[in-house]
Amino acid sequence: MSKFFVCTFGCRCNQADSDAIRESFCRRSMSEAETHLDAELVVVNSCTVTQRTDRQVRQMVRRIHRENPKARLVVTGCYAERDPQALAAMGGVSLVVGNAERERLQELIQNGACGATASIIRSPFSGGMAFLPPSAPATGGKTRPLIKLQDGCDARCSYCIVPFVRGPARSAHPDAVIAGIERLVGAGYREIVLTGVNLGSYGRKLDGFPTLLDLLRRVLSVPGPGRLRLSSIEPMRFSRGVARLAAEDPRLPPHFHIPLQSGSDRILRRMRRPYTADRFLDLAGYIREILPDAGIGSDVMVGFPGERDDDFDKTFELVQRSPLTYLHVFPFSARDGTAAAAMTEHVPEVVVRERVRIMRELSQAKNLEFRRRFVGRSLPGITLAKEEGVGDAVVLTENYIAARVPKPVEPNRLVTVRIIEAHPDYTRAEIQLG
Ligand code: SF4
């Protein structure tokens, strides 16, 4: 039985795509190797969201070829979609497959597409979306498997390369999604993460235009699933009904991630983000009002071309007075082909670094303030496997606090923890029930 290894870069969608690749190989009785060192076939599922990720992907391709020169080396994913020639020219690469063809990767390899010299297989995106939810062996050991129910994006935020490498927005049919969830629930998973490139635009091109809220109501009408966690939802696509549903049904955890990007309306317009800072604050405030204990995360980009001190101050002040509980902070990275890449008013790197540092510090302060609210209180959570990269004694609470418990725990158990301590770097808890 030949061995394969999948190396994944980037977002949850890419991780879900890697699970689908694993699934397709496992169905062909291939087995997953522990590392790339003892695999006959290595697939790099790449990301291209920043120049830095491009560099990391190239470094990994070189490393795999150096450390396992006999392996057939295939590169797919967003970098392969954006610049296949650059990857095909790298030593050891035998096949580069674009995102529209990724779903056929196993079949392409079986039909001999991996030759002595690198070949490129890439095609335009079709409107449909292949949907291959993972079964147990293909989840890469994750406690909380991913279900990607939407791909692509029709928006054109001026800094974003995603629509160019993932194609137009498309969604999996609700019946297929429900079947995928039922199969994972049947396999014993207690929490499933629903993901997509623009999750909030789910269903816009399906018959009957089912929304994400419609889908969630249908899924939650089926008895059984422990918990359905939602990954990032763009503010312009966030339905308040989803927050109300979370207030009604504990199986939809009070945790949302809603990208803000900037607190300056002037910069939001330059980013082509169709909302204002006030509208974002109003949405976050609404969630806090109906879900007082909710974890509310966000993405903030600093150093966008033309970002002045007062723009940055507006972002800082908005986040400071908002109910946000943590941030992912990104420095602007120009991506060829995007509108922002052609903008000239670049912010000096030293200023960008300082703004990243300030926003990350603010995020830590907001998060500590949030976690301290729960000291002495009990919260529902799920025990995580060490494969999640957080150690073997961690419980993830429903509102997205990773709490350390005294001793290693069996993963994938729904438990209740009492929060004992909120330290700047960690949270301590004890398991009460479950
Ligand atoms: S909504 Fe904007 S940021 Fe999000 S994937 Fe689409 S273009 Fe990119």
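Calculate, in whole percent, how much of the Cα-Cα pair population of the chain lies beyond 42 Å.
On the way: 11962 of 93961 pairs.
Summing the P(r) of the chain above 42 Å gives 13 percent of all pairs.
Hey, what did the chain get for relative contact order, percent, Cα under 8 Å, at least 6 apart? List each step's numbers first, then the result.
Working: 906 pairs, mean separation 45.2, N = 434.
Once divided by the residue count of the chain, the mean separation gives 10 percent.
According to the square roots a ≥ b ≥ c of the eigenvalues of the Cα gyration tensor, what is the shape class of the stretch 1-44, taking rounded for a/c under 1.5, prolate for a/b larger than b/c otherwise, and oblate for the remainder?
In terms of gyration-tensor shape, oblate.
Determine the shape class of the stretch 39-109: with a ≥ b ≥ c the square roots of the Cα gyration tensor eigenvalues, call it rounded for a/c under 1.5, and otherwise prolate if a/b is greater than b/c, oblate otherwise. Walk me through the numbers before you get to the answer.
On the way: a/c = 1.87, a/b = 1.05, b/c = 1.78.
Oblate shape, in that a/c is at least 1.5 and b/c is the bigger or equal ratio.
Using only alpha carbon pairs under 8 Å that are at least six residues apart, calculate the relative contact order of the stretch 146-372 and give it in whole percent.
Values: 383 pairs, mean separation 39.8, N = 227.
Rounded, it is 18 percent for the stretch 146-372.
Quickly estimate the mean residue ellipticity at 222 nm for the chain, helices only: each DSSP H run with n ≥ 4 gives -39500 (n - 2.57), and the total goes over all residues, rounded to 500.
On the way: 13 runs with 142 residues, N = 434.
Helix contribution divided over all residues of the chain: -10000 deg cm²/dmol.
Which value in Å is the Kirkwood Rh of the stretch 45-198 over different Cα pairs?
On the way: mean 1/r = 0.0592 Å⁻¹.
By the Kirkwood definition, the hydrodynamic radius is 16.9 Å.
For the stretch 3-121, what mean projected area does the convex hull of the alpha carbons give, in nm²? Numbers along the way, then the final one.
Working: hull surface 25.1 nm².
If I average the Cα hull's projected area over directions, I get 6.3 nm².
Would you mind getting the accessible area per residue of the chain, heavy atoms of the protein chains only, 1.4 Å probe, in Å²?
On the way: 18420 Å² over 434 residues.
With all protein chains present, the chain gives 42 Å² per residue.
Taking all protein chains as present, what is the carbon and sulfur share of the accessible area of the chain, in % to the nearest whole number, probe 1.4 Å?
Details: 9420 of 18420 Å².
That fraction is 51 percent.
If you wrap a convex hull around the alpha carbons of the stretch 320-434, what volume per residue comes out, as a whole number of Å³?
On the way: hull volume 16.8 nm³, N = 115.
Taking the convex hull of the Cα positions in the stretch 320-434, it is 146 Å³ per residue.
Can you give me the Kirkwood hydrodynamic radius for the stretch 378-433, using every pair of distinct Cα atoms, in Å to one decimal?
Working: mean 1/r = 0.0933 Å⁻¹.
After inverting the mean inverse Cα-Cα distance, the result is 10.7 Å.
Using 32 Å as the Cα-Cα cut-off, could you pick out the over-long pairs in K70/K386; K70/K142; K148/K314; K366/K386? Intermediate values should be presented prior to the final figure.
Details: K70/K386 30 Å; K70/K142 29 Å; K148/K314 34 Å; K366/K386 27 Å.
From K70/K386; K70/K142; K148/K314; K366/K386, over 32 Å: K148/K314.
log10 I(q)/I(0), Debye, Cα-only the stretch 146-372, no solvent, q = 0.12, 0.17 Å⁻¹?
Values, matching the q order: -0.70, -1.25.
What shape does the stretch 257-353 have by the C-alpha gyration tensor, where a ≥ b ≥ c are the square roots of the eigenvalues, rounded means a/c under 1.5, and otherwise prolate means a/b greater than b/c and oblate the rest?
Numbers: a/c = 2.15, a/b = 1.99, b/c = 1.08.
Judged from the Cα gyration tensor, the stretch 257-353 comes out prolate (a/c at least 1.5, a/b above b/c).
The values are calculated or read from the model by the stated rules, or taken from the named source; none is laboratory data. Everything numeric in this text was worked out from a predicted model, so none of it was measured. All accessible areas refer to the heavy atoms of the entire protein, side chains included, with ligands and DNA or RNA removed. Shrake-Rupley method; radii C 1.70, N 1.55, O 1.52, S 1.80 Å.
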